[in-house]
Amino acid sequence: MTDEPTYNVPTGEAESKLTEKGSVFLGWAVPIANEADAQTALAARSKKYHNATHHCWAFRAGEAVMPLERYADAGEPSGSAGLPILQQIRKRELLGCLVVVTRWFG
């Protein structure tokens, strides 16, 4: 028996769109190896959807025992976007994953 933590690693990109109360949300998950990959992917996403109101995000990368975790609310009220995204990544035991939620305010 091993004490090593188990985790899931995404094998590709996924995207989902939701419209609620006039706002459009575009969720995007992508595999990453490290923080530099996350920042590169986030910059590309921000450039692609430069007209969006917000790009909230979170990622987990590195070692399963002590992963590097980062998140940002990107202008949404503090703690209302980035942290909930990170909590969902943790709940699904993902590692090596960046999730960005792009929002167009309606």
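Here is how the numbers come out for the structure above:
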item	result
Only one of P10, P5 that is of a type outside the set (S, T, N, Q), buried (at least 17 other Cβ atoms within 10 Å of the Cβ) and assigned to a loop (DSSP other than H, G, I, E, B)	P10
Criterion (more than 15 Å from C97 (Cα to Cα), of a type in the set (S, T, Y) and touching a residue at least 40 places away in the same chain (Cβ under 8 Å)) met by exactly one of S23, S16	S23
Subset of the range 68-95 [out of contact with any helix residue (DSSP H, G or I) (no Cβ under 9 Å at 6 or more places or on another chain) and not in a helix (DSSP H, G or I)]	G75, P77, S78, G79, S80, A81, R92, E93
The range 13-24, subset at negative phi and more than 13 Å from the chain's Cα centre (by Cα), residue most open to solvent (accessible area, probe 1.4 Å)	K17
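The values are calculated or read from the model by the stated rules, or taken from the named source; none is laboratory data. If you're wondering where the values come from, they're calculated on a predicted model, not measured in any experiment. Quick reminder, even Gly has a Cβ in these numbers, built from the backbone with ideal geometry, and neighbours come from all protein chains shown. For the accessible areas, the whole protein counts, side chains as well, though only heavy atoms, and no ligand, DNA or RNA atoms are used. Shrake-Rupley method; radii C 1.70, N 1.55, O 1.52, S 1.80 Å.
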